[in-house]
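Worksheet for the structure shown next.
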Amino acid sequence: GAPPEGGGEVIFRCPIVKTLKPINLVNIGQVRRVRGVAYASKVSPQIPNRVVDAAKGILTKVLPDVYVYTDHYRGANAGLSSGYGLSLVAETTNGCLYGAEASAEPGGAAEDVGLLAAKVLLQEVANGGCVDSSNQGLVLLLAVLGPEDVSRVRLGKLAPSTVKLLRLLRDMFGVTFKIKPDEQTKTLVLSCLGIGYANLARGIA
């Protein structure tokens with residue numbers, strides 16, 4: 001479902017775990033492929049194809065392995081509003097993932113969506129780190145909730161929301177991250193000792 005009326009459905013499944021494992025994400029590797037989905041609802045089937053062509057026009061200049069699917073919905077399965085967008089994921093040789101998204105704006109061209117998503121993805125890769133800026137906070141939170149062992153993660157430029165979260169984690173859990181700049185890669189290695197949080201409500205099935 002596209003904005004503003006939506007109408008789509010999200011199914012979330014999550015396994016039950018009793019404890020988390022320490023995080024060790026410091027080796028980025030090299031970007032080896034890009035995958036993505038151009039989605040569209042209640043618009044011409046040619047729209048997502050134009051989005052894909054625009055994005056690949058940039059991405060294939062730096063990486064040959066780029067494949068973007070098109071997902072076109074119509075009728076009752078298309079939600080309540082018309083719209084389209086593009087989601088891209090770059091994967092490295094060590095399994096690190098960078099994501100980028102863009103969606104249609106009123107009066108904008110389909111090519112603009114593809115160009116924007118591709119440029120955002122390339123910027124995320126250029127920032128370095130083992131996760132993209134939108135997922136920095138999630139990794140740091142999992143590091144804090146992990147076992148009483150050291151977790152380490154390499155991040156690129158910290159997003160403003162990540163800086164705010166670091167302060168919240170310090171105030172709520174009493175955990176302060178050690179931040180070590182890496183001048184060679186222009187990245188930051190953050191490490192902390194987990195609090196050993198455990199799920200005592202349910203056992204593992």
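The values are calculated or read from the model by the stated rules, or taken from the named source; none is laboratory data. Computed from a prediction, not measured in an experiment: that's the story for all the values here. Counting neighbours? That spans all protein chains shown, and the Cβs are built from the backbone with ideal geometry, glycine included. All accessible areas refer to the heavy atoms of the entire protein, side chains included, with ligands and DNA or RNA removed. Shrake-Rupley method; radii C 1.70, N 1.55, O 1.52, S 1.80 Å.
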query = In this structure, is residue 93 loosely packed, with under 15 Cβ neighbours inside 10 Å, free of Cβ contacts under 8 Å to residues at least 24 places away in the same chain, in contact with a strand residue (DSSP E or B) (Cβ under 8 Å, 6 or more places away or on another chain) and of a type in the set (Ser, Thr, Tyr)?
reply = no
ask   = So which residues in the range 141-152 are part of a loop (DSSP other than H, G, I, E, B) and either free of Cβ contacts under 8 Å to residues at least 40 places away in the same chain or open to solvent by 50 Å² or more (accessible area, probe 1.4 Å) (or both)?
value = 148, 149
inquiry  = Out of everything in the range 11-37 that is without any contact (Cβ under 8 Å) to a residue 60 or more places away in the chain and more than 30 Å from residue 76 (Cα to Cα), what residue ends up being least open to solvent (accessible area, probe 1.4 Å)?
reply    = 33
request  = Return yes or no: is residue 68 farther than 30 Å from residue 167 by Cα, part of a strand (DSSP E or B) and touching a helix residue (DSSP H, G or I) at 6+ places or on another chain (Cβ under 9 Å)?
outcome  = yes
ask   = Looking only at residues in the range 153-188 that are of a type in the set (Asp, Glu) and open to solvent by 100 Å² or more (accessible area, probe 1.4 Å), which one is nearest to residue 132 (Cα to Cα)?
value = 183
task = Taking the residues in the range 56-90 that are open to solvent by less than 20 Å² (accessible area, probe 1.4 Å) and touching an Asp or Glu at 6+ places or on another chain (Cβ under 9 Å) as candidates, determine which candidate is modelled with the lowest pLDDT.
result = 79
inquiry  = Residues that are surrounded by 16 or more Cβ atoms within 10 Å (Cβ to Cβ) and on the phi > 0 side of the Ramachandran plot: does the range 38-53 have at least one?
reply    = yes
